[in-house]
Amino acid sequence: MRNEQEVNRAIEQYSDMVRRLCMVHLKNHADTEDIFQTVFLKYVLSSVCFENEEHEKAWFIRVTVNACRDLLKSFFRSHTISLEEVMEQPALLLPDNREVLEAVLSLPVKYREVIYLHYYEDYTAPQISRILGKNVNTIYTLLTRAKQMLREKLGGDGYE
């Protein structure tokens, strides 16, 4: 494990390069920040002794590129799309489905998350509990309240 001075020096010296590499590969600010943290965490925890500054720089480049590639080929990334992307494809949605999706997107975040995970990703309440780090009974409560909110927004009991 590296000391604080080494880490601060490395962050100061390589942070711009790591961010640029991530943006080139990922084209996404949030993923860039995730990989940035991953790269520097690996640096902190690594015990690699660098021969010189070029060796250290090459290590950062290799670790950054590999982390970006790992993220891009991850199962989650290749098998999901965001709700916002779905909304941008109106031709693929029937009018009733679009109305439901708009109602789901209008829910407060805590309700939207559980509805999305349960109905769109087919997770059970215990699985959602583990994903979100909340009590299972809390998930059941959030689902019940969210369904009631959706009933009110969509006008009736026709949506279950």
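The values are calculated or read from the model by the stated rules, or taken from the named source; none is laboratory data. Keep in mind the model is a prediction, meaning the values are calculated, not measured. Virtual Cβ from ideal backbone geometry, glycine too; neighbours counted across all protein chains shown. These accessible areas exclude ligands, DNA and RNA; they are computed on the full protein's heavy atoms, side chains included. Shrake-Rupley method; radii C 1.70, N 1.55, O 1.52, S 1.80 Å.
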Which number in (1) at pLDDT 90 or above; (2) part of a helix (DSSP H, G or I); (3) acidic (Asp, Glu) marks the one condition that residue 51 misses? (2)
Can you tell me how many residues in the stretch 42-65 are exposed (fewer than 12 other Cβ atoms within 10 Å of the Cβ) and under 12 Å from residue 10 (Cα atoms)? 1
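Residue 14 - would you say it is more than 22 Å from the chain's Cα centre (by Cα), over 16 Å from residue 1 (Cα atoms) and among the aromatic types (Phe, Trp, Tyr)? Talk me through it step by step, then tell me what you get.
On the way: more than 22 Å from the chain's Cα centre (by Cα): yes; over 16 Å from residue 1 (Cα atoms): yes; among the aromatic types (Phe, Trp, Tyr): yes.
So residue 14 passes the test.
On the given criteria, is residue 107 of a type in the set (A, V, I, L, M, F, W, C), modelled with pLDDT of 80 or more and either farther than 12 Å from residue 146 by Cβ or open to solvent by less than 80 Å² (accessible area, probe 1.4 Å) (or both)?
It is true that residue 107 is of a type in the set (A, V, I, L, M, F, W, C), modelled with pLDDT of 80 or more and either farther than 12 Å from residue 146 by Cβ or open to solvent by less than 80 Å² (accessible area, probe 1.4 Å) (or both).
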